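Please read the structure below before turning to the comments.
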Amino acid sequence: MTNLYYLITIIQRSDMAEYEEFYLGHGVTVSYSTLCNGTAHAKTLNLLGLERTEKAMLFAAVSEPTLKKLKRGLTVDMKIDLPNRGVAMAIPMSGIGGKTALEYFTAGQNVESENTEEKKMQSDYELIIAIYQKGYTDLVMDAAREAGAGGGTTIRAKGTAAGAEKFFGLSLAEEKEIVFIVAHMEQKKEIMKAIMQKAGVETKAHALVFSLPVSETAGFRFADTVDKDEE
């Protein structure tokens, strides 16, 4: 299958139109967006030059050639590595539901892999996702921060489960919150362990946690520099 990636971009809400125009200019004609909020402590925000403002998340399926062009454009044109400009991450897609879906999601993109034998792009990050009861973001993020997480981004969602209503005492159909935490590979295990121990299914938060591999990132260079300076 042609190499495809699910690109997630987290930005200031005020910058959403600018980023959407940027993606359209690079042939990404099908994308989705949702409103979200940052969770970083004030100290971390000050270190990174960020403000506690509302965020937006953009989602799009992109081909490998498109991803390589976007990564360069995000750095050079959008200057995403500067403070307060946002972050982006690409997650490998292992399948897609037929040729029609492929054509729909990648309309306007070059979908031919440049080198199918080439080793897949890798980064030093993983995306940790925790789903938990509404109102327990602080509990989840306090646990994550104690294990080394810098911050996260939250969205709200509602379960659609039918039939079995309970799982470990957790109502599957109630309104939930979901936090996205991008972490270094070596921190992932400890962060997930901390969330499970202090905000897991046996706590009031009932958090369920999993992680996804990230192939490419943009916008983390300045944050990494701050982390190294602190060390």
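The values are calculated or read from the model by the stated rules, or taken from the named source; none is laboratory data. Source: prediction; values computed, not measured. Here Cβ is always computed from backbone atoms with ideal geometry, including for glycine, and neighbour counts include all displayed protein chains.
What to note about this one:
- A Cβ distance below 8 Å, combined with a sequence gap of six or more or placement on separate chains, defines the contacts here; from segment 8-31, residues that are among the aliphatic types (A, V, I, L, M) reach residues that are loosely packed, with under 14 Cβ neighbours inside 10 Å in the pairs Ile8/Phe59; Val28/Gly108; Val30/Ala107.
- Matching residues in segment 64-81 - criterion: being within 11 Å of His26 (Cβ to Cβ) and buried (at least 18 other Cβ atoms within 10 Å of the Cβ): Thr66, Leu67, Leu70, Lys71, Leu74, Met78
- Selection status of Ala61, more than 15 Å from Ile11 (Cα to Cα) and under 16 Å from the mean Cα position of the chain (by Cα): yes
- Which listed residue is of a type outside the set (Asp, Glu), assigned to a loop (DSSP other than H, G, I, E, B), buried (at least 20 other Cβ atoms within 10 Å of the Cβ) and at pLDDT 90 or above, from Ala149, Ala130, Ala194, Ala183: Ala149
- Among the residues of segment 82-102, the ones that are surrounded by fewer than 12 Cβ atoms within 10 Å (Cβ to Cβ) and among the charged types (D, E, K, R) come to 1 in all.
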